[in-house]
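**Q** Questions regarding the structure given below will be posed in turn.
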Amino acid sequence: MTQLREPGFRDSVDIMFNRAVAVMDLSPGLVEKIRVCNSTYTVRFGVRLRGQIHTFTGYRSVHSEHMEPVKGGIRYAPGVNQDEVEALAALMTYKCALVETPFGGSKGGLCIDPRDWEPHELEQITRRFAYELIKRDLINPAQNVPAPDMGTGEREMAWIVDQYARMNTTDINARACVTGKPLNAGGIQGRVEATGRGVQYALREFFRHPEDVAKTGLSGDLDGKRIVVQGLGNVGSHAARFLAQEDGARIVGVIERDGGLWDDAGLDIEAVLAHLRATGGVRNCPVGRFEPVGAELLEADCDILIPAAMEGVINLDNAARIRAPLIIEAANGPVTAGADEILRRRGIVIIPDLYANAGGVTVSYFEWVKNLSHIRFGRMQRRAEEARNRLLVEELERLSADRGLGWTLSPDFKRRFLTGAGELELVRSGLDDTMRIAYQSMREVWHARPDVSDLRMAAFIVAIDRVAKSYQSKGL
């Protein structure tokens, strides 16, 4: 009976949207314009593989064109459907508005299990899917810019950008038609890790505000915090690695398809990831205690829970048993609207997906700008910055020697001070700044308005307000 009451993913997004607009001063017509998905293109195409024609179904949804191009990943999964793609496109609209990347929201999907096909077959399928979208301007540097998502990565983006360039031989900005590309195809350093890095920066910013941390019953910073990560894909693996190695957090539990691992003292995350890469699962991992029903670890006693895989993993069935006082949504929609209400009533703080996993689209924005400018970030100023810093260091050391002070700068300080910022450092700096400012915009609404009870509602209000102002400036 519980499952019958559970709203679907798209319904969950609409419920969360409606909670926010209910306390905003917007006309009903404008609310409806922002809420609805502008268009969805469904394509069914055939590819000759293994001696016969196989037909595939794909989607590209455009939720909002209040800014262009629109932005959103392409996922490959057997369960992809129109409702899911449209819900993800809506989240992209609000996510881009929240972190102030100048894009509308879009999303794409292909009904396919990538594990069923050899790489050369996947390339044929991807190129044909891209062809169907490109010829309708649903992949275009100025109109619609995809990126990787679940089941896709740098490899698929490289195939897509090459297909676009073949079909648009005089477009000087062809490389900007997708983001998340490998470096040799116009990518940017730091993009693969970007979403996981953004989760880390989001948590760091949350813990900079003791008043917010106090709402969870926790204290201090991330050092020693017990974390459970559900899903060790690109996002979860990077978030776990950074939080453990750079912030001193303990990854006490991980959850994968074939089960989970637990260690009260903290798992050796590198050993877990090495085993996962070698075997495709966590069973028989040499570290941690194996738990055959991994989903039960979502309900384990920990400080921070990071759902980093699929939508709807925290739902009406298990929300009442979740024990983590702080949840950060590294995946899209991992908490259903029904579960969200239960968790809020229980006082659990949720750092919402449209903020927490925005690192990917933020660094995609940097990559898009790099492709349009045709120059690597840092190339013009890095050595000039180093030269100026060296002048300062040499002058300080000269003054010390002239006055007989006898002090010198430590070698480690000099090395770090004299190293100019390259592309990776600038990308991380821009991402950190983006995540800080976006969080502060949310918490300002959260704390200033008594009718705003949680960070998710605050995030939707900030995002919807920005989208509304954009439409109003267009005369709507």
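The values are calculated or read from the model by the stated rules, or taken from the named source; none is laboratory data. These numbers were taken from a predicted model, which means no experiment stands behind them. Neighbour counts run over all protein chains shown; Cβ positions are idealised from the backbone, glycine included.
**Q** Exactly one condition in (1) at pLDDT 95 or above; (2) loosely packed, with under 12 Cβ neighbours inside 10 Å is not met by L426; state its number.
**A** (2)
**Q** Can you find, within segment 380-421, the residue that is modelled with the highest pLDDT among those that are β-branched (V, I, T) and more than 26 Å from K370 (Cα to Cα)?
**A** The first filter runs over segment 380-421 and keeps only residues β-branched (V, I, T), leaving 393, 408, 419.
With the extra rule that they be more than 26 Å from K370 (Cα to Cα), the set shrinks to 393, 408.
Details: V393: 89, T408: 81.
Among them, the one singled out is V393.
**Q** Just checking, which of I342, I314 is out of contact with any Cys (no Cβ under 7 Å at 6 or more places or on another chain), surrounded by fewer than 23 Cβ atoms within 10 Å (Cβ to Cβ) and at pLDDT 95 or above?
**A** Residue meeting the stated conditions: I342.
**Q** What are the residues in segment 310-364 that are assigned to a helix (DSSP H, G or I) and within 17 Å of G196 (Cβ to Cβ), if any?
**A** To start, the set of residues in segment 310-364 that are assigned to a helix (DSSP H, G or I) comprises 319-321, 337-345, 353-356, 359-364.
Scanning segment 310-364 gives D353, L354, Y355, A356, G359, G360, V361, T362, V363, S364.
**Q** Quick check on my filter: what residues within segment 381-419 are more than 43 Å from the chain's Cα centre (by Cα) and of a type in the set (S, T, N, Q)?
**A** Matches in segment 381-419: S400, T408.
**Q** Among the candidates A421, A387, A463, single out the residue that is of a type in the set (A, V, I, L, M, F, W, C), more than 30 Å from L343 (Cα to Cα) and assigned to a helix (DSSP H, G or I). It would help to see each step written out before you state the result.
**A** On the way: A421 fails: assigned to a helix (DSSP H, G or I); A463 fails: more than 30 Å from L343 (Cα to Cα).
The match here is A387.
**Q** Something else: Considering each residue of segment 139-171, count those that are acidic (D, E), under 22 Å from the mean Cα position of the chain (by Cα) and part of a helix (DSSP H, G or I), and give that number.
**A** Result for segment 139-171: 2.
**Q** Being under 30 Å from I15 (Cα atoms) and out of contact with any helix residue (DSSP H, G or I) (no Cβ under 7 Å at 6 or more places or on another chain): is that true of A295 here? Write out each step before concluding.
**A** Details: under 30 Å from I15 (Cα atoms): yes; out of contact with any helix residue (DSSP H, G or I) (no Cβ under 7 Å at 6 or more places or on another chain): yes.
Yes.
**Q** Only one residue in L305, L316, L297 is under 18 Å from G233 (Cα atoms), in the same structural domain as I227 (by TED's automatic domain parsing) and over 21 Å from the mean Cα position of the chain (by Cα), so which one is that?
**A** On inspection, the qualifying residue turns out to be L297.
**Q** Same structure, new question: Within segment 1-84, which strands (runs of 3 or more DSSP E) (wholly inside it) include 3 or more residues that are farther than 20 Å from K135 by Cα and more than 21 Å from the chain's Cα centre (by Cα)?
**A** 52-64
**Q** For segment 272-280, indicate whether the set of residues that are part of a loop (DSSP other than H, G, I, E, B), modelled with pLDDT of 95 or more and surrounded by fewer than 21 Cβ atoms within 10 Å (Cβ to Cβ) is non-empty. Lay out the reasoning, then the answer.
**A** If we filter segment 272-280 for residues that are part of a loop (DSSP other than H, G, I, E, B), which is where we start, we get 280.
Restricting the remaining residues to those that are modelled with pLDDT of 95 or more gives none.
No; the residues of segment 272-280 include none that is part of a loop (DSSP other than H, G, I, E, B), modelled with pLDDT of 95 or more and surrounded by fewer than 21 Cβ atoms within 10 Å (Cβ to Cβ).
**Q** When you go through C302, C285 one by one, which is the residue that is part of a loop (DSSP other than H, G, I, E, B), in contact with a Ser or Thr (Cβ under 9 Å, 6 or more places away or on another chain) and modelled with pLDDT of 95 or more?
**A** Numbers: C302 fails: in contact with a Ser or Thr (Cβ under 9 Å, 6 or more places away or on another chain).
The conditions single out C285.
**Q** Considering every residue within segment 235-244, establish whether at least one is hydrophobic (A, V, I, L, M, F, W, C), without any contact (Cβ under 8 Å) to a residue 12 or more places away in the chain and within 30 Å of A130 (Cβ to Cβ). Walk me through it before giving the result.
**A** Restricting attention to segment 235-244, the residues satisfying the condition of being hydrophobic (A, V, I, L, M, F, W, C) are 235, 239-240, 242-244.
Then keep just the ones that are without any contact (Cβ under 8 Å) to a residue 12 or more places away in the chain; that gives none.
No.
**Q** Need the failing condition index for G406 against (1) out of contact with any Lys or Arg (no Cβ under 9 Å at 6 or more places or on another chain); (2) outside any helix (DSSP H, G or I); (3) under 23 Å from N18 (Cα atoms), just the number.
**A** Going through (1) out of contact with any Lys or Arg (no Cβ under 9 Å at 6 or more places or on another chain); (2) outside any helix (DSSP H, G or I); (3) under 23 Å from N18 (Cα atoms) one by one, G406 breaks only (3).
For (1) more than 25 Å from A463 (Cα to Cα); (2) among the β-branched types (V, I, T); (3) buried (at least 18 other Cβ atoms within 10 Å of the Cβ); (4) not assigned by TED's automatic domain parsing to the domain that holds P334, each residue gets a yes or a no:
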{"position": "V21", "(1), (2), (3), (4)": "no, yes, yes, yes"}
{"position": "G46", "(1), (2), (3), (4)": "yes, no, no, yes"}
{"position": "Q52", "(1), (2), (3), (4)": "yes, no, no, yes"}
{"position": "H63", "(1), (2), (3), (4)": "no, no, yes, yes"}
{"position": "M67", "(1), (2), (3), (4)": "no, no, yes, yes"}
{"position": "V70", "(1), (2), (3), (4)": "no, yes, yes, yes"}
{"position": "R75", "(1), (2), (3), (4)": "no, no, yes, yes"}
